[in-house]
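Student: Right, I'll just put the structure down here and ask away after.
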Amino acid sequence: MDEPSAKSRPRRSPTAEQLRAWRTFIETAERVRTVMESRLSEESGLSSGDYGVLLALSEAPGRRVRSSALAERIGWERSRLSHHLARMQKRGLIDREECATDSRGAEVVLTALGATTFRRASAPHLRAIQEVFVDALTVEQLDRLEDAVAALGAHLEFS
């Protein structure tokens, strides 16, 4: 049986209740992000982008990763990452080196200063996660939220 064309399928729009849930999700997520970024900046001088790069590098074998893999890992376009890395390199948090296995590629390397900065930022950042996010929810709500976000993530993988 043939699938109906886009023109012949009935148009589906979210209900008022679904739109309310969407708006609540977007507005709350933005508020959480704003509060977390503000606290991170105030407590460590790092942006959320800095922290994401430093986290990825701290978890990478040898504290180094190819630029393209780093961009994929943190969900950024390569040009955005390149500009951000240049600023981080000027501050001494990371370095860029030629890739030993591929002369066309570059690896991003966590410097000693970057590792120290990341360690110092982690405790207050984890405390902020606890205070802003975890403390606001019950264990059951956290479980349901994790399930809902996993379902959304799985849906996006197949869209």
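Student: From the list Leu113, Leu156, Leu55, pick out the single residue that is under 30 Å from Thr24 (Cα atoms) and loosely packed, with under 14 Cβ neighbours inside 10 Å. I'd like the intermediate steps shown before the answer.
Tutor: Working: Leu113 fails: under 30 Å from Thr24 (Cα atoms); Leu55 fails: loosely packed, with under 14 Cβ neighbours inside 10 Å.
None of the other options fit; the residue is Leu156.
Student: Which numbered condition in (1) surrounded by fewer than 12 Cβ atoms within 10 Å (Cβ to Cβ); (2) not in a helix (DSSP H, G or I) is the only one that Gln130 fails?
Tutor: Failing condition for Gln130: (2).
Student: Is it fair to say Ser13 is at pLDDT 95 or above, more than 21 Å from Leu145 (Cα to Cα) and either over 12 Å from the mean Cα position of the chain (by Cα) or not charged (D, E, K, R) (or both)?
Tutor: The answer is no for Ser13.
Student: Within region 99-131, can you find the residues that are among the aliphatic types (A, V, I, L, M) and at pLDDT 95 or above?
Tutor: Val108, Val109, Leu110, Ala112, Leu113, Ala115, Ala121, Ala123, Leu126, Ala128, Ile129
Student: Going by the conditions given, is Ser67 small (Gly, Ala, Ser), closer than 20 Å to Ser38 by Cβ and surrounded by 11 or more Cβ atoms within 10 Å (Cβ to Cβ)?
Tutor: no
Student: Something else about it: Tally up the residues in region 133-148 that are surrounded by 11 or more Cβ atoms within 10 Å (Cβ to Cβ), free of Cβ contacts under 8 Å to residues at least 60 places away in the same chain and either in contact with a Lys or Arg (Cβ under 8 Å, 6 or more places away or on another chain) or part of a loop (DSSP other than H, G, I, E, B) (or both), please.
Tutor: 1
Student: Is there any pair linking a residue in region 42-70 that is free of Cβ contacts under 8 Å to residues at least 24 places away in the same chain to one that is of a type in the set (A, V, I, L, M) and in a strand (DSSP E or B), with Cβ under 7 Å and at least six apart or on different chains, and which?
Tutor: Filtered contacts from region 42-70: Ala56/Val65.
Student: Would you tally the residues in region 95-119 being among the hydrophobic types (A, V, I, L, M, F, W, C) and either at positive phi or more than 24 Å from the chain's Cα centre (by Cα) (or both)?
Tutor: 2
Student: Okay, moving on. Within region 65-84, can you find the residues that are in contact with a helix residue (DSSP H, G or I) (Cβ under 7 Å, 6 or more places away or on another chain) and within 11 Å of Glu107 (Cβ to Cβ)?
Tutor: Listed by number, the residues that qualify are Val65, Ser67, Ser68, Leu70.
The values are calculated or read from the model by the stated rules, or taken from the named source; none is laboratory data. Note that the structure is a prediction, hence the values are computed from the model and not measured. A quick note on method: Cβ atoms are made from the backbone with ideal geometry, for glycine too, and the neighbour counts reach across all protein chains shown.
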